[in-house]
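The values are calculated or read from the model by the stated rules, or taken from the named source; none is laboratory data. What you see is a predicted model, and the numbers here were worked out from it, not measured in a lab. FYI the Cβ positions are ideal-geometry reconstructions off the backbone, even for glycines, and counts take in every protein chain you see.
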Amino acid sequence: MSAPDAVRKASRQFYAALNSMLKGDPASLASIGSQSANVTTMHPVGGRQLGWASVRVTWEQVAKAMSDGQVKLNDQLIRVAGDMAYEVGDEQGFVVLGGQRISIDLRVTNLYRREAKGSRIVHHHTDVPAGMQEALRRLQAKH
């Protein structure tokens, strides 16, 4: 399999796992994400996480707050350099957060690294939508 094809495969697996997380199940993200100390995220819910332990916790927290959701990567562009690759594109779809449906139309950058078990995501970075921030503030105010 060519390096770009391996990244496309990893991307499909990531978005399948992300869609499961948006329905409340974060478990499959562990199988496609690198679990190293240098993994990072900058989620649409805000903040920056460093290391698998922190990244995993935020995926689990987000999954608990989601009751439904669906996202699709559009306009995918992949570039590979050695064992590293990145993809950029647009994530479009919706999430239901605290009972509120929020549209998603975000720019995204994902980084992948070739590891022993294949290409694994090592960084996920999206815009931070205002609607999601408002829904999170309302949820936090209730608790």
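Of the residues that sit in segment 94-120 and are within 22 Å of Lys64 (Cα to Cα) and either modelled with pLDDT of 95 or more or among the β-branched types (Val, Ile, Thr) (or both), which one is surrounded by the most Cβ atoms within 10 Å (Cβ to Cβ)? Out of the qualifying residues, it is Val95. So Val95 passes all but one of these: (1) of a type outside the set (Asp, Glu); (2) in contact with a helix residue (DSSP H, G or I) (Cβ under 8 Å, 6 or more places away or on another chain); (3) over 20 Å from Ser28 (Cβ atoms). Which condition number does it fail? Condition not satisfied by Val95: (3).
Beta carbons closer than 9 Å, at least 6 apart along the sequence or on distinct chains, never pair a first residue in segment 126-143 that is within 18 Å of Leu22 (Cα to Cα) with a second that is at pLDDT below 75 and assigned to a loop (DSSP other than H, G, I, E, B). Inside segment 12-24, can you point out the residues that are surrounded by 14 or more Cβ atoms within 10 Å (Cβ to Cβ), of a type outside the set (Phe, Trp, Tyr) and either under 16 Å from Ala63 (Cα atoms) or modelled with pLDDT under 90 (or both)? Passing the criteria: Ala17, Leu18, Asn19, Ser20, Met21, Leu22, Lys23, Gly24.
Can you name every one of the strands (runs of 3 or more DSSP E) wholly within segment 1-119 that holds 2 or more residues which are in contact (Cβ under 8 Å) with a residue 40 or more places away in the chain and of a type in the set (Val, Ile, Thr)? Correct list: 40-42, 66-81. Among the numbered conditions (1) in contact with an Asp or Glu (Cβ under 7 Å, 6 or more places away or on another chain); (2) modelled with pLDDT of 90 or more, the only one that Val57 does not meet is (1).
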